[in-house]
Amino acid sequence: KELVASDLWRIVLNSNQDLSDEQSSESESGSQSVCDQLVSPTALAACTRVDSCFAPWFVPSVGVSVQLALVELRLCHHLDQLGTAPSKRLQPFLSDKKLPTEQEFMVWSFKTPHVYHRQWSDGSVCREFQFSTEADCKLLEYRNLTLQSVVKPLIIHGQVAFSSSSLEQLMDGNVLVDPVYINVGQYTIHSLNTAFQAWQQNQCPEAEELIFSHFVICNDTQETLRFGQVDTDENILLASLHSHQYSWRSHKSPQLLHICIEGWGNWRWSEPFSVGNMGTFIRTIQYKGRTASLIIKVLQISAVQKQIIICGRQVICSYLSQDIELKVVQHYIGQDEQAVIKEHFDCLTANQKLPSYVLENTELTELCLKAKGDEDWSRDVTLEANQHENSMVIQVPCSTSSIFYIWCTVFTLEPDSHVHQRMIVFSPLFIMRSHLPDPVVIHLEKRSLGLKESQLIPGKGQEEPLMNVETDLMHHLTFQAREEYDASQCAVPISTALIKQIATKTQGIGNVNQILLEFYGADNTKQSPWPYNIKDSDRSSTEQLAQWDSPMQVKLSMWKPCLNTLLVELLPWALLINHSKWDLWLFEGEKIVLQIPARKIIIPPNFQEAFQIGIYWANTNTVHKSAAIKLVHDITAPKWKDGPGSEVIMLDEEGFIDAEIKLGAFPGHQKLCQFCISSVVRHGIQILQIEDSTVLVNNTPHQIYYRALLTVSELHDPPQNVYASDSAVFSIGSAGEPAFPQTSSIPCWDLLCDTSQSDLEASLLHRHMLLSFSAEVGADSSPYWSLPAVIRQDFPRQCVVVPIRDYNKSEFSTRAVVLTYQDHLGVKYITLTEDPSPRITIHNRCPVTLLLKENIKDTPRFQVSYRKVPAESSVHHELYHQLSNFPDCKTRDILPSILLQVVSSNEMTNEWSDVIDINSPGTQIVFLSGLGCVYVDVARQCGIMTVTLAPEGRAGVFVTQVSLAIVDVITNPKVSAELLRLTVDNVLLSMEPAANNRRPPLQEFQVETTEGLSELYTLEVYCGDLQIDNQLYSKSSFHFAVLLCQEHKLEKMQWSKGFNPTMSSKGLEEYRNSCFLKLCIKLAKNQNFIFDVNDLSFELKPARLYVEDTFVYYIKTLFNTYIPDSVKNLRFVLVALKKIHLCSLNNKNHASAFFGLKWSVSQFIRSLIFLAVEACRKSLWRSCRPAVRFFNKGGKWGKEHGEVYIIGIRHGILGVFHIGWVVGSLEILGSPASLVRSIGNGIADFFRLPYEGLTRGPGAFVSGVSRGTSSFVKHISKGTLTSITNLATSVARNMDRLSLDEEHYNRQEEWRRQLPENLGEGLRQGLSRLGISLLGAIAGIVDQPMQNFQKTSEAQASAGRKAKGVLSGVGKGIVGVFTKPIGGAAELVSQTGYGILHGAGLSQLPKHRYHPSEQHADQALNSHVKYVWKMLQSLGRPEVFMALDVVIVSGSGQEHEGCLLLTSEVLFVVSISEDTQQQAFPVTEIECICNPMKENLLTVMLKQQRVPCESEADGVRERLSEKQYNRLVDYVTRTSHHLGPTSSSLHLFSQVVAVEPPPTTVKTYQYLVEPCFAQVFVSKFNMVKNRALRRGFY
């Protein structure tokens, strides 16, 4: 018996009579019959006995209460722990590392947190925690370095109770949260996204440096620049080729930048410029007669981030392979009007770009080059100021060779704009690219000069410039593979004149900006690396094979767009890649051609016959060959000889085939090697690739050993011959990271029986694989190996149970490994991944080993082995039924029964038990021969059969209101604007174990716990009300203030403040029945506290949905700004979920593990949505709330797209059947569907309500007649008025549109949004608009021609266009004479109808829940980062011990906001209103105290010594300390009797006086602070001061 204590008991007496309330759709009133009273309260009290008792454990044994004034949780970025690698998006710029190393980005504040803990102990331990606090959250916004309020202050109350005993553990808790207001904007998403990325790369210094700020300013000039925000003290130094992450210095000053050149010695600031919009503009700086033009490019990095590149007019790039020295000659007129010549020297690194020169085109007139380290310069190259494009060849002297020639190409970027940026590109004359696997020697012959030179060109697709070539000279190239081979006989002629012919053919391909982009950021080329063997099944176009009958081909083309460099490519006819683990031999006919080592690439000879591949097998000392393979080319290919009497396999240019080689000659010791030979054409080269046909991918963190078996017949159970065979054991390493699994190809398959070659080709071979975590072999190794897993394409997924050798520390003796089979372009991928949700878990608590057999009714497609369950252990299992039905899995599928058998130690075989039904949760008793009765407890959780004892518990969170505002801060950075606001009232989140998971029925099972099993929980979400508001309704011309709301809001849903439905079962049940949205999710808990969605159901009450096209278009334009770059590729992830996708690793395709989402919709309750659609483009049409019903009963699915498609078709068909209601709801037709629906509801209530009252008595009948008549009249009048009003509104709108007067139409639309509240207001608005329409019709005849004439005159159009405009205006005026009066009359009817409907309460459009709020950027609070980074930058990297917000009290008593910044040496006073530093006090010269009488008053006293006057400072008077004075007096007294007094001694004695304390002045400063912060600040100040004075411990 359990003793329950309570301070209040209630006795409720219920009769068996069923009472029901009659309610119509419009009224809550009705008559009810009162049941007879069973017993009076007096009699009940007389017969009730209440016993009082006292138990010691009623009194808590421990009680602790803790209350604090404030708790702040500050989250910081520690940049020294994050990535430091340069960002690829900002190449070639390096970071200046001026960001603060610690950035406080989020502050959670908990005011007056109170925690009360009580504990009772009496056998069982019961603990209770009660807590309450007021919380709010602020987030750092990196544009202005201010704090944004993300979560406004809210009050949280909660209680959690824990009870634990030897049999069970109980947990119960509930949390009550006051209204939650959340603001989310683009800046908020950016800050949270960067925080998430920083968390991911913690302790990873090799990661890329994150970009926190909204602006990145890059210096692409030769000069050192200084920039800052105008009207502030900011000036930031930025070196050449460096970038700076910039945030605005002040959000109260104009957000404009100005810039100057540091090297000029005088800060001549440029004109201010804005960086808010993308584009290119110029700012000039005048200094001593010179003009410097700085080109500023604003580029978009992300939705909120921009890159500002500052560069000069002269850009110099190099595509050369060697460094060169550059001399640039500058000519300009000095301040004294004298010509000045200045030379600039730089080293141009190979394949790099110099920082641009801040020189005008007229100043940079000459340049010359020389090789690095040499002394001789080339001839000067003259640059014309007005020449947009030019190419020339420069001869550069070189010590290693006589002269080398380079192209110098001059471009003008954006010649049609005001930028006129000059770009000078140096490139070689010829580039050589060899696609051969080995380097090749090129012989360069200059026949006209009688010279011949050689050069080594690397292979593998690398590029190398040709050296020692000359311009306008024909060169002949010959090729030599190795020194022992002869050079090619045919020479290839090349010259610089060929580029003109090639450029003419490729004109229009590429532009100059592509060249410049190659030097900015990462390389965006999408070409696959050599040897181009990546298979692409989605490739749209196929390439043509360049040649198949010649070994090599030389191709000439343009290297880069707009450059004159000639590309010479050396293309082999084919590449043969051996990606297998075998050393292969290549045969052509009966002749051995060559050997291909493993993982090697060769150039095969041009095959004249079919070829074969072979493997040398040492056991037989024989080379075993495959079938003959013939390459199929164009119809012009020669007729190859077919092998005599042998089968020939055809291989197309784009295709693949399978090849097999059988090794060994003795039965039982044979192996079969299977290869996939594929062919693709890339760059005109045929890529032949030989791979092992099966690739194993290990996604698990364990090393796995495996055996690959191949049999002709099925394996019988038990497969002892499998474990006893001497089959090869291979291993594959564990996966290092989830994104980088371990891959290994299977070299060969073991044949367990002898089969001839013909039988192998004719019969169906069966593949099996055994897995293990240990390399045990032999007949006794079977306990360490899994059962044979069948490898077939019709079984794409199966769970392989692998035994664990030492499982004492783990509950399970096995690991469940998912094996997936996928075939991609001829290669079979077998992926191994740990199963996070195994299908069946079996716990054997018996002392003997058991066998489990599945009761399969149909003939299985392969032999199903028995599962052995060791004694006192737990194993995983998967039924053949589940394996064979994948992916058509169902969460409530009927599984076959199972049978059990005891494994006998002797040769006797025990009988199988009776069938066990695992579809029925509960306990069953079966008899096992050799053991006795066994209790089997079955629990069905997400398709898992398991025996478990799960703790009971329930947790609930009740939020009175959640309001989420979507804010736009990009359109106007100064003032944020709300777009949408989602308001949810009375939200209850309740989580508890599922009904079948609470307590096992038997007491015997309660003492055993199972860890690591999937527990089933039910998560319920209830929403009392939900509404989505259009917060732009009051600012723009939108017609709907609410987008989504509830159709009927009942009065009983207006809960009082502080209501918590979890406190009483009656209140909870009433709350659940009245909720607008009910959502039930069943979750399965995994081992790592990860939940999977197992079941979903929800119910939605009738709702209204208002859709307006203009609002949708506006939201669509801003949608991408809310999505960070890290998740913009989500659509590719969603597409990948629809099919089993492949990923590439180290140029090898392998299949990633695929797990189907366990997701099913068990119930979608019928819901009614009233849809209001309005489109304002082209023609105006409007649909007024047609009832569109969406429902689905019992829909379940396991595949991710099949059932979704079926449900979509079903709803599409329902939509077609309801199309009549949609058309009938159009306003242009008067919305007859609304009239019919209202009349139908009125007639139904007229007959239904009296009939229901008739069965309950005369009073109820009279009430039913009254309410039915009232409902009938109400519906008839409402439907008629609504139909007339909608028709009149539609006519008025379309007449206004047809008037062709845009001004009149916009004015009428703006007025039409102001709906009247009563009949009088409706008549007034209707008459006024009718009058304005009549006046506009009359005045339009004159006004429209005059407006058109004025427009054409301002545009300075011709006389004909002016006449045409006047005639057009006359036509518009005439049309308006007819349309405007009709529209005005219709508007009078419409406004009158709306006045009647709204005044009588028959119709009312929903209104805003909250008025839109604006957040001004200049009113935001400064962050800690801003103080450290912007205001205290002159101190280097100061340590701010505390930043205290105060109210500064001036001497005259005026108050204004401020902040005290406490550093290690100085106390700074910052004015918040001016956003500047006002005062600075040395901490050693001030005192900081709190006023004990006023806790919120903080006083700072500054003691200053008075400066002595000049007469005192210049005199000879010396001041002595008191101790020195006493010693001097004593000395003089003791020695004075030895000397006679003199005048000089008396004079000296009179000038020595005692010390006086120096006069000081004390200044007092007062600040108002929060009382809880005052003492903390004083304590920190004393600590800093003692540290500065070196007092105590610091």
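Is at least one residue of the stretch 472-490 in contact with a Phe, Trp or Tyr (Cβ under 8 Å, 6 or more places away or on another chain), modelled with pLDDT of 85 or more, closer than 15 Å to Tyr405 by Cβ and in a loop (DSSP other than H, G, I, E, B)?
No, that holds for no residue.
Could you list, ordered by first residue, the pairs with Cβ atoms under 6 Å in which the first is in the stretch 516-542 and over 22 Å from Ser679 (Cβ atoms) and modelled with pLDDT of 85 or more and the second is open to solvent by less than 70 Å² (accessible area, probe 1.4 Å) and part of a loop (DSSP other than H, G, I, E, B), at least 6 apart or interchain?
Nothing qualifies.
Can you report the number of residues in the stretch 1468-1493 which are open to solvent by 10 Å² or more (accessible area, probe 1.4 Å), in contact with an Asp or Glu (Cβ under 9 Å, 6 or more places away or on another chain) and closer than 18 Å to Val1584 by Cα?
2
Cβ contacts < 7 Å: first residue touching a residue at least 24 places away in the same chain (Cβ under 8 Å), restricted to the stretch 323-348; second residue among the polar types (S, T, N, Q) and not in a strand (DSSP E or B), any location; separation 6+ or different chain. Result?
Asp323/Thr349
When Thr1117 is evaluated against the numbered criteria (1) within 30 Å of Asp968 (Cβ to Cβ); (2) surrounded by fewer than 17 Cβ atoms within 10 Å (Cβ to Cβ); (3) modelled with pLDDT under 85, which criterion, by number, is the only one it fails?
(3)
Among the residues of the stretch 447-471, write down those that are over 15 Å from Tyr405 (Cα atoms) and open to solvent by less than 30 Å² (accessible area, probe 1.4 Å).
Across the stretch 447-471, the qualifying residues are Ile457, Gly459, Gly461.
Among what's in the stretch 622-643 and is of a type in the set (Ser, Thr, Tyr) and modelled with pLDDT of 75 or more, pick the residue that is least open to solvent (accessible area, probe 1.4 Å).
Filtering first and then ranking leaves Ser626.
Restricting to the stretch 1442-1488, give me the number of residues that are farther than 21 Å from Gln1504 by Cβ, in a strand (DSSP E or B) and out of contact with any His (no Cβ under 8 Å at 6 or more places or on another chain).
12
Restricting the first residue to the stretch 115-126 and requiring it to be touching a residue at least 60 places away in the same chain (Cβ under 8 Å), which pairs with a second residue that is β-branched (Val, Ile, Thr) meet a Cβ separation below 9 Å and a spacing of at least six or different chains?
Taking only residues 6 or more apart or on different chains, the pairs are Trp120/Val59; Trp120/Val62; Ser121/Val62.
Within the stretch 836-858, identify whether any single residue is out of contact with any Lys or Arg (no Cβ under 7 Å at 6 or more places or on another chain), without any contact (Cβ under 8 Å) to a residue 12 or more places away in the chain, open to solvent by 30 Å² or more (accessible area, probe 1.4 Å) and in a loop (DSSP other than H, G, I, E, B), and answer yes or no.
yes
Let's see how each residue does on (1) of a type in the set (Lys, Arg); (2) surrounded by fewer than 17 Cβ atoms within 10 Å (Cβ to Cβ); (3) part of a helix (DSSP H, G or I); (4) within 49 Å of the chain's Cα centre (by Cα):
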site	(1), (2), (3), (4)
Ser1238	no, no, yes, yes
Pro1250	no, no, yes, no
Ala1260	no, no, yes, no
Gly1268	no, no, yes, no
Lys1278	yes, no, yes, no
Leu1281	no, no, yes, no
Thr1285	no, no, yes, yes
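Given the criteria closer than 23 Å to Val396 by Cα and in contact with a Ser or Thr (Cβ under 6 Å, 6 or more places away or on another chain), does Thr496 qualify?
yes
Could you check the stretch 121-149 and list, in sequence order, the residues that are of a type in the set (A, V, I, L, M, F, W, C) and modelled with pLDDT under 90?
Val125, Cys126 - these are the residues of the stretch 121-149 that are of a type in the set (A, V, I, L, M, F, W, C) and modelled with pLDDT under 90.
Return the residue satisfying two criteria in turn: it lies in the stretch 1385-1441 and is part of a loop (DSSP other than H, G, I, E, B) and among the aliphatic types (A, V, I, L, M), and of such residues it is farthest from the chain's Cα centre (by Cα).
My answer is Ala1400.
To keep it simple, each residue is scored yes or no on (1) under 30 Å from Val115 (Cα atoms); (2) at pLDDT 70 or above; (3) touching a Cys at 6+ places or on another chain (Cβ under 6 Å); (4) assigned to a loop (DSSP other than H, G, I, E, B).
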position	(1), (2), (3), (4)
Ser25	no, no, no, yes
Gly30	no, no, no, yes
Ala45	no, yes, no, no
Thr48	no, yes, no, yes
Cys76	yes, yes, no, no
Arg89	no, yes, no, no
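So which residues in the stretch 700-720 are surrounded by fewer than 14 Cβ atoms within 10 Å (Cβ to Cβ) and either aliphatic (A, V, I, L, M) or at pLDDT below 75 (or both)?
Ser713, His716, Gln720
Every residue, every condition in (1) at pLDDT below 90; (2) more than 23 Å from Thr146 (Cβ to Cβ); (3) open to solvent by 10 Å² or more (accessible area, probe 1.4 Å), yes or no:
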residue	(1), (2), (3)
Ile1396	yes, yes, yes
Gly1399	yes, yes, yes
Leu1405	yes, yes, yes
Arg1409	yes, yes, yes
Glu1414	yes, no, yes
Gly1436	yes, yes, yes
Gly1451	yes, yes, yes
Val1466	no, yes, yes
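With a cut-off of at least 3 residues that are modelled with pLDDT of 90 or more and open to solvent by less than 10 Å² (accessible area, probe 1.4 Å), name the strands (runs of 3 or more DSSP E) lying wholly within the stretch 546-588.
566-572, 574-578
In this structure, does Thr194 turn out to be closer than 30 Å to Leu359 by Cβ, at pLDDT 90 or above and open to solvent by less than 10 Å² (accessible area, probe 1.4 Å)?
no
Inside the stretch 598-621, can you point out the residues that are outside any loop (DSSP other than H, G, I, E, B) and either open to solvent by less than 50 Å² (accessible area, probe 1.4 Å) or at pLDDT 90 or above (or both)?
Scanning the stretch 598-621 gives Ile601, Ile602, Phe611, Gln612, Ile613, Gly614, Ile615, Tyr616, Trp617.
Please note which strands (runs of 3 or more DSSP E) are completely contained in the stretch 103-213 and include at least 3 residues that are closer than 26 Å to Gln1415 by Cβ and more than 25 Å from the chain's Cα centre (by Cα).
124-141, 146-164
Check whether at least one residue in the stretch 806-827 is in contact (Cβ under 8 Å) with a residue 40 or more places away in the chain, open to solvent by less than 30 Å² (accessible area, probe 1.4 Å) and among the charged types (D, E, K, R), and report yes or no.
no
Kindly indicate which of Asn266, Asn202 is touching a residue at least 12 places away in the same chain (Cβ under 8 Å), farther than 30 Å from Gly289 by Cα and either among the polar types (S, T, N, Q) or in contact with a Lys or Arg (Cβ under 9 Å, 6 or more places away or on another chain) (or both).
The conditions single out Asn202.
Go through the stretch 1259-1314 and give me each residue that's touching a Gly at 6+ places or on another chain (Cβ under 6 Å) and free of Cβ contacts under 8 Å to residues at least 24 places away in the same chain.
Phe1261
A quick yes/no check of all residues on (1) open to solvent by less than 40 Å² (accessible area, probe 1.4 Å); (2) in contact with a Leu (Cβ under 6 Å, 6 or more places away or on another chain); (3) acidic (Asp, Glu):
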{"residue": "Asp323", "(1), (2), (3)": "no, no, yes"}
{"residue": "Asp374", "(1), (2), (3)": "yes, no, yes"}
{"residue": "Gln387", "(1), (2), (3)": "no, no, no"}
{"residue": "Val419", "(1), (2), (3)": "yes, no, no"}
{"residue": "Ser434", "(1), (2), (3)": "yes, yes, no"}
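The values are calculated or read from the model by the stated rules, or taken from the named source; none is laboratory data. It should be emphasised that the depicted structure is a prediction, and the values quoted were computed from it without experimental measurement. Cβ: placed from backbone, ideal geometry, glycine included. Neighbour counts: every protein chain shown. When the accessible area is computed, the model is the full protein with side chains, heavy atoms only, and any ligands, DNA or RNA have been set aside. Shrake-Rupley method; radii C 1.70, N 1.55, O 1.52, S 1.80 Å.
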